[in-house]
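For reference, the structure discussed in these notes is given below.
The values are calculated or read from the model by the stated rules, or taken from the named source; none is laboratory data. Predicted model, so just to flag it, every value in this text is computed and none were measured. Cβ placement follows ideal geometry from the backbone for every residue including glycine, while neighbour counts extend to all protein chains displayed. In case anyone asks, the SASA skips ligands and DNA or RNA and just uses the protein heavy atoms, side chains included. Shrake-Rupley method; radii C 1.70, N 1.55, O 1.52, S 1.80 Å.
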Amino acid sequence: MKTILVTGGAGFIGANFVRMILSERKNIKVVNLDALTYAGNLENLSGFMENKNHDFVHGDIRSHELVEKLLKEHKIDGIINFAAESHVDRSISSPGIFIDTNISGALNLLQCAKELGVKRFLQVSTDEVYGSLSPDEDKFSEETSMKPNSPYSASKAAADHLVRAFQHTYHIDTVITRCSNNYGPYQFPEKMIPLCINNIRNGKQIPVYGDGMQIRDWLYVYDHCTAIMQVFEKGESGEVYNIGGNNEKTNLALVKTLLKLLGKDESLIKFIKDRPGHDRRYAIDNSKITNSLGWKPSVTFEQGIARTVDWYLKNKAWLDHVTSGEYQKYYEKMYK
Ligand code: NAD
Ligand code: TYD
């Protein structure tokens with residue numbers, strides 16, 4: 001039996017990861033540390049809170065005392081750090097918390113891992129650390145230099161530098177993953193895809209920033225999770241792995257796809273003022289992870305997006321609880 005510390009496991013990707021591990025890997029115990037910020041939602045873990053291989057801990061990755069205690073008590077074999085402030089627009093209006101959580105939080109985890117001899121540390125990073133591509137530029141490879149443009153991506157890049165420095169200086173075993181934009185179940189509806197689905201189902205307009213011709217490279221969240229686990233188990237120490245499924249779409253094309261899947265016309269599209277410093281294009285060259293680890297996505301974009309729309313329509317209560325704020329009462333109801 002192995003025990004891993006997953007941080008941020010009540011958020012979108014972390015919760016999908018915890019659900020995948022507890023469903024598919026009976027020999028892995030998950031200690032799930034999450035501060036339950038606005039983005040953390042225990043309803044994302046429904047059906048898994050009582051699982052005997054799952055220990056949910058409400059707490060902050062910046063607490064040295066708590067992280068040290070968890071590593072000791074649970075004899076943690078490895079750490080996978082998902083915990084972060086993750087929304088670019090929020091980082092533009094309030095950058096400070098991004099520095100605290102994404103940089104100081106990662107530093108604290110690294111220091112605790114070093115002190116207690118944790119065998120492997122995986123940092124879940126993002127393609128946004130590379131900056132923005134023009135339409136005809138080569139995709140991001142692991143060798144592309146980091147040129148982060150938003151406070152969010154700058155804080156993630158800083159954490160990546162710390163991970164690298166801890167490997168180099170203290171010989172800690174680390175790996176970093178840099179994935180493109182994710183979509184799928186349990187994503188907080190401030191992000192583009194669930195926001196569109198929620199607005200369309202309520203007959204509300206879809207706010208498209210600028211000309212809508214920005215490009216994102218979309219990956220179904222389950223496929224991000226399988227890639228993380230493969231890097232955690234088989235990735236080479238000290239390496240960075242880009243993760244993406246070759247699905248570049250303009251925001252406008254994405255919105256039109258969602259409108260079509262939900263049977264609504266394009267009159268709901270509303271062009272609004274652009275995001276300051278908006279990155280034009282992200283695109284991942286995934287040849288390293290596909291060639292060296294044999295990872296590949298399980299679904300095409302068309303399958304994944306249809307499955308996602310279906311999930312939100314079947315889980316209206318989840319969306320309603322998030323949009324009404326009801327989800328924040330779940331912890332008190334269940335555990336206090
Ligand atoms: P999210 O915002 O949905 O979830 C973040 C989780 O971290 C929440 O549960 C929150 O409560 C928790 N958290 C925040 N601060 C914390 C703290 N101080 N201590 C403990 N927990 C804390 O984010 P997400 O979209 O699931 O992203 C997860 C990770 O993946 C992030 O590191 C993000 O940078 C990275 N990433 C995201 C995407 C994407 O498209 N969403 C793509 C690539 C990489
Ligand atoms: P988002 O989901 O916030 O992810 P990121 O900014 O990390 O890529 O946004 C995806 C794209 O959609 C991005 O180019 C910004 C754009 N967008 C809109 O046009 N309107 C919106 O209301 C939101 C939230 C995003």
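Annotations
- Computed P(r) (all Cα pairs; the range 220-275; 5 Å bins; percent): 4, 14, 17, 14, 12, 12, 10, 9, 6, 2, 0
- GluC sites (Glu not before Pro) within the range 102-177: DSSP coil, no more than 14 neighbouring Cβ in 10 Å: 137, 143
- Amide H contacts under 5 Å for residue 174, placed H, 5+ residues apart: 121, 238
- Here is the list for the range 236-317: trypsin sites (Lys or Arg not before Pro) lying in DSSP coil, each with at most 11 other C-beta atoms within 10 angstrom of its C-beta, are 273.
- Cβ-defined net charge surrounding residue 143, 10 Å radius [Lys, Arg +1; Asp, Glu -1]: -1
- Local electrostatic count at residue 173 - Lys and Arg +1, Asp and Glu -1, tallied over other residues with Cβ under 14 Å: +1
- Taking the accessible area of the range 142-227, probe 1.4 Å, and keeping the other protein chains in place, the carbon and sulfur fraction comes to 53%.
- Placed amide H near residue 33: partners under 5 Å, 5+ positions off or other chain: 6, 7, 8, 9, 57
- Inter-probe distance in nm under a simple model that places probes 7 Å from Cα toward Cβ, at residue 307 and residue 136: 3.7
- Computed from backbone phi, the HN-Hα couplings of the range 257-269 come to 4, 5, 4, 5, 4, 9, x, 10, 8, 6, 5, 6, 6 Hz, rounded to whole numbers (Karplus: 6.51 cos²θ - 1.76 cosθ + 1.60, θ = phi - 60°; Gly and Pro given as x).
- Solvent-accessible heavy-atom area per residue, rounded to whole Å², over the chain at 1.4 Å: 43
- Heavy-atom accessible area for residue 124, with the other protein chains in place and a 1.4 Å probe, reaches approximately 10 Å².
- A 1.4 Å probe, protein heavy atoms only, puts the accessible area of residue 65 near 150 Å².
- Taking all Cα pairs closer than 8 Å and separated by 6 or more residues, the relative contact order of the range 54-170 comes to 31 percent.
- For the range 158-222, the fraction of alpha-carbon pairs lying more than 20 Å apart is 52 percent, rounded to a whole number.
- Residue order for 136, 310, 217, 77 - accessible surface, 1.4 angstrom probe, largest first: 136, 310, 77, 217
- Placing a pseudo-label 7 Å from each Cα along the Cα-to-Cβ vector at residue 104 and residue 27 gives an inter-label distance of 4.0 nm.
- Sulfur and carbon atoms: percent of accessible area, the range 35-92 [1.4 Å]: 48
- Pairwise centroid distance, computed over Cα atoms, of the range 85-108 with the range 187-257, Å: 20
- Both the radius of gyration and Dmax for the chain are 19.1, 57 Å, in that order, over alpha-carbon atoms.
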